[in-house]
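Novice: Quick one: the structure is below, questions incoming.
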Amino acid sequence: MENSLNRAMEWIPLEIQPWALLTLTTISFVIFAQSVAPKWKILRSAQPTVPRTSLGKRLRNLLLLGFGQKKLFKNSSAGWMHACIFWGFLILLLRAGYFFAIGFFPAQNFSVGGLEWLEKGYSLIKDAAVLGVTLAVLFGLFRRLVIRPSRLTLSREGIVILGLILAIMFSDVFFDSAWIALNPSAGSWFVPLGMTVSPVLGNGEWIVHLHNFAYWTHVSCILLFVSILPRGKHFHILTALPNLFFSDLPAKGKRLSRIDFEDESLEAFGTVQALDFSWKSILDFYSCTECGRCDNVCPALNSGKPLSPKLFTVGIRDFIKRETPFLLKGQVREGEGSVLLGDVISEETLWSCTTCGACEEECPVGIEYVPKIIEMRRGLVLNEDRYPKELTASFKSLEVNSNPWGFGCDTREDWAEGLELKRWNKDAPSEYLYFVGCNGAFDKRGQKIARSVVELLTSAGVDFSILGRKEGCTGDPARRAGNEYLFDMLASKNAETFLNLGIVKVVTHCPHCFNSLKNEYPDFGVHLEVLHHSELLEQLMKEGRLSPNAEEGKVVFHDACYLGRHNEIYDSPRAVISENDLVEIEHQKERGTCCGAGGARFLMEETSGSPMSHQRLDELMQAKPDTIAVSCPFCVLMLEDAVKSKGLTGKVVVADVAELANKQPTKG
């Protein structure tokens with residue numbers, strides 16, 4: 001190998017060749033460093049943050065989603081394409097190192113003595129990687145030039161990058177082929193691509209130049225690739241794996257940080273300017289691949305709202321890139337396009353989000369959208385008192401009556417009239433506190449769900465109590481709407497109640513209450529064992545204290561976002577439904593579509609596009625069900641309104657899983 005390589009490079013004087021490679025390498029890495037330095041400085045200037053997810057879960061994320069490319073396979077053809085390129089590059093990193101090693105030290109023999117089998121094995125794997133990457137790149141070019149999927153950002157940069165990768169692959173093959181042609185005795189079927197191509201080359205001095213040309217093409221394309229990498233969206237090649245490692249996904253319920261309103265050093269709350277984002281949020285922006293998977297599943301965008309998760313991310317990323325010289329000097333540029341909230345991200349875009357997390361579930365590089373949306377809402381609400389007019393009355397009612405609809409707090413337990421329920425007694429505590437929530441306490445439809453839960457727990461012999469008038473809103477709608485101060489007030493009051501009364505175990509039928517109590521109240525010193533009612537009902541059925549109800553006809557289940565994607569509870573509500581009745585649809589579980597109520601959207605009107613609940617109902621009706629089973633009272637309201645609006649009343653029934661289970665007499 002050593003002699004053949006020296007012969008192939010005779011046309012360049014040996015003594016200057018390493019210096020030529022060193023010069024090219026130095027130029028490439030200087031350009032790379034100059035491009036990366038401002039981004040690194042921006043990351044260091046951003047707000048501090050620490051992951052809230054355990055190290056073990058983050059390592060698992062990195063292995064499954066990063067190195068395993070798990071999410072990409074939700075789209076099989078494009079997934080295999082990207083996975084082949086990624087895995088191929090991992091394998092070929094050693095090959096790239098070899099090319100630079102023989103260039104810098106041409107007289108050195110890099111053969112591993114006594115381990116020829118290892119070299120041959122890697123050579124075979126390397127050729128498989130080259131073939132896989134080549135086929136994947138050709139398919140990628142076909143997609144971009146012929147298929148042209150609407151979700152993709154089709155740019156020249158993508159074509160250039162794919163072209164460079166293709167040149168690196170071809171040059172690798174011709175490097176080996178020319179070497180084998182020059183040294184037939186060195187040929188081996190452990191280099192199958194080289195052995196296949198070398199007979200076509202024939203013989204002659206031109207093969208020496210081909211060998212040399214292939215070498216310099218290979219290293220030059222690698223160095224060019226390195227030079228342009230930080231200048232566009234392909235910077236994600238470097239940031240994606242770190243971004244996945246530091247991501248708090250999939251534990252979506254634990255990511256919002258409490259604001260210390262007593263900290264006098266805070267000049268503003270939430271996110272107003274670019275450097276108000278955390279360094280992890282900015283790493284998110286740098287990691288976007290512009291693949292558009294987030295747009296495909298966004299219920300707001302797909303129902304005609306002005307929210308594109310992809311454009312949201314790319315818009316802020318480009319804004320940061322454009323404003324970097326000013327940001328690093330602590331200045332704010334004057335003029336058009338210099339304001340983050342307004343010029344770059346419109347208020348209508350911000351308030352269109354349901355915080356459902358579908359975009360995060362699809363993102364292959366672990367970008368977190370929901371915390372950014374809420375942080376920017378905080379910036380508007382807390383600093384500028386700007387929010388949709390419908391929220392004015394809701395904020396006032398939450399502050400005065402601890403519910404968003406204006407009902408008097410003294411009527412909070414009226415729903416339980418005639419049920420003879422126990423009120424929580426600190427001196428004689430029950431096993432569970434049933435936290436009813438605002439919907440169950442005040443909404444007539446929600447009250448029916450609450451009564452079903454009570455009847456089931458009572459007939460199963462569960463020891464539980466309610467708080468009655470001592471119960472208050474968890475603050476979820478206030479927090480999702482950006483009013484963190486109001487959330488803090490409501491949560492602090494509830495936390496004090498829980499601590500004073502010695503409450504430990506809580507069951508609730510509302511996923512929004514469930515998420516707040518379980519994931520957000522620990523920041524207020526309250527650590528509760530929180531169960532969604534479907535989890536407790538499943539447990540009671542396993543114990544034989546309840547029996548699944550056999551429905552007449554088909555039942556399709558709608559996954560609530562704050563129970564499913566945000567807390568990964570998919571099986572429990574299904575277990576409450578008889579397996580013989582249940583049918584599944586394409587958009588289910590982690591890919592289920594939001595009904596439109598989340599993110600405090602149930603308090604606001606949909607003034608653009610079509611109702612998100614109609615979109616979800618259309619998906620559910622593809623199964624031609626008799627019943628739509630739900631595990632969230634807000635989903636029930638949204639889907640029932642959609643049923644009425646679309647003239648399906650009497651053709652399909654929307655019911656909470658507790659209502660379905662309550663039709664069957666209980667055992668024991």
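Readers should treat all values here as calculations from the given coordinates under stated rules, not as data from a laboratory. What you see is a predicted model, and the numbers here were worked out from it, not measured in a lab. Note that we place each Cβ from the backbone using ideal geometry, even for glycine, and neighbour counts take in every protein chain shown.
Novice: Relative contact order for the chain: what percent, with Cα pairs under 8 Å and sequence separation of 6 or more?
Specialist: Values: 1028 pairs, mean separation 84.6, N = 668.
It rounds to 13 percent for the chain.
Novice: What base-10 log of the normalised intensity I(q)/I(0) is obtained for the range 268-384 from the Debye formula, alpha carbons as equal point scatterers, at q = 0.10, 0.17 Å⁻¹?
Specialist: Values, matching the q order: -0.28, -0.82.
Novice: Could you line up Arg377, Arg95 from fewest to most neighbouring Cβ atoms inside 10 Å?
Specialist: Arg95, Arg377
Novice: While we're looking at this one, here's another question. So how do Ser613, Ser45 line up by other beta-carbon neighbours within 10 Å, fewest first? Spell out each step's value before the answer.
Specialist: Details: Ser613 26, Ser45 15.
The order, fewest Cβ neighbours first, is Ser45, Ser613.
Novice: Restricting the calculation to Cα positions, tell me the Rg (one decimal) and the Dmax (whole number) of the range 542-661 in Å.
Specialist: 14.0, 49
Novice: Something else about it: Kyte-Doolittle mean at least 1.0 and Cα extent at least 24 Å along the axis: which DSSP H helices of the chain qualify?
Specialist: Result, helices passing both filters: 76-104, 116-142, 156-182, 206-228.
Novice: Something else now. List the lysines whose Cα lies under 21 Å from the Cα of Lys589, skipping any in the same chain that are fewer than 8 positions away.
Specialist: Excluding near neighbours in sequence, the set is Lys57, Lys70, Lys71, Lys74, Lys252, Lys254, Lys518, Lys554, Lys624.
Novice: Cα extents of the range 19-178 along the three principal axes, largest first, in whole Å?
Specialist: 50, 40, 36
Novice: Taking Cα pairs under 8 Å and at least six residues apart, what relative contact order does the range 268-384 come out at, in percent?
Specialist: 41 percent
Novice: Sticking with this structure for a sec: Within 10 Å of each residue's Cβ, count the other Cβ atoms and sort Cys84, Cys632, Cys298 from fewest upward.
Specialist: The fewest-first ordering by Cβ neighbours comes to Cys84, Cys298, Cys632.
Novice: Expressed as a whole number of Å, what is the distance separating the alpha-carbon centroids of the range 450-480 and the range 344-377?
Specialist: 30 Å
Novice: Apply 1/(1 + (r/R0)^6) to the Cβ-Cβ distance of Leu138 and Lys589, taking R0 = 35 Å, and write down the FRET efficiency to the nearest 0.05.
Specialist: Calculated transfer efficiency: 0.55.
Novice: Still on this structure, please answer the following. Counting only C-alpha contacts under 8 Å and six or more residues apart, can you give the relative contact order of the range 445-526 as a whole percent? Before the final figure, lay out each step's value.
Specialist: Numbers: 44 pairs, mean separation 22.7, N = 82.
For the range 445-526, the relative contact order is 28 percent.
Novice: Which distance in Å, rounded to a whole number, links the C-alpha centroids of the range 61-138 and the range 154-175?
Specialist: Measuring centre to centre over Cα atoms gives 15 Å.
Novice: Oh, and also: Across the range 505-515, in residue order, what do the Karplus-derived ³J(HN,Hα) couplings come to in whole Hz, using 6.51 cos²θ - 1.76 cosθ + 1.60 with θ = phi - 60° and x for Gly and Pro?
Specialist: Per-residue couplings from phi come out as 10, 10, 10, 9, 9, 9, x, 6, 4, 4, 5 Hz.
Novice: Starting from the eigenvalues of the Cα gyration tensor, five times each then square-rooted, give me the equivalent ellipsoid semi-axes of the range 405-538, largest first, whole Å.
Specialist: Semi-axes (√(5λ), whole Å): 22, 17, 14.
Novice: Let me ask another. Subtracting the Cα-Cα distance from 0.36 nm times the residue separation, let me have the gained length for Arg258 to Phe104 in nm, one decimal. Don't skip to the answer; put the middle values down first.
Specialist: Numbers: separation 154, 0.36 × 154 = 55.44 nm, distance 5.41 nm.
Stretched out fully, the Arg258 to Phe104 stretch lengthens by 50.0 nm.
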